[in-house]
Amino acid sequence: MYVAYRPVYIVGDLPDQLQVILSLDVAVPHVLVDPVINEDQRSYQERLTRERIHQPIFRAKVIEAYDRRCAMCRLHYTALLDAAHILPDHHPKGLPIVPNGLSLCKIHHAAYDQNLLGVSPDLVVRAHPDVRSGIDGPMLLHGLQEMDGVRLLVPEKKGARPDPERLEIRFQEFLAGTA
């Protein structure tokens, strides 16, 4: 079975090797044939991307609701905080509203998005079994394993707290990945 990607652009010709270099992106101005990159070969290109224009407002509201702290570890460095969606944008209930958000530091946001950490509807952080049994360095131990069983920090305002229904949906996804 094949999946056709089109259009495809020929961006390089290597006649001595009977090869051509293909790109799926017309914006690629050139492709480096030599995989070794030195200072003179660094280059950049511009890309068109879809941007979630609601994201900066969502981030500001969520982080403010959590008093500029990570809901899991209580880290208080705003530059290291993200507004994590409980249910993602593409989910019908994945609205960019504070009850669908958690203020998480970058490591906990990534772990939450990858279902390495989950949050139960009763606001308790749970670590994936692979995380709990893993052996690595201090970040695994202190950053992830010790989060298992921690009660989530929630906003003071009731209307800004995580929506239990959304947490339940997301927690079931987390549990499905631990089986």
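Things to note:
- In loop segments of the range 44-135 as defined by DSSP, the chymotrypsin sites (Phe, Trp or Tyr not before Pro) with at most 12 further C-beta atoms inside 10 Å of their C-beta are Tyr44, Tyr77.
- The range 90-162: relative contact order as a whole-number percent, Cα under 8 Å and 6+ apart: 33 percent
- Extension gain (nm, one decimal) between Ile169 and Arg151, 0.36 nm per residue minus Cα-Cα: 4.6 nm
No lab work stands behind these numbers, since they all come straight from the coordinates. These numbers come from a predicted model, not from an experiment. With ideal geometry, Cβ positions are generated from the backbone for all residues, glycine too; neighbour counts draw on all protein chains shown.
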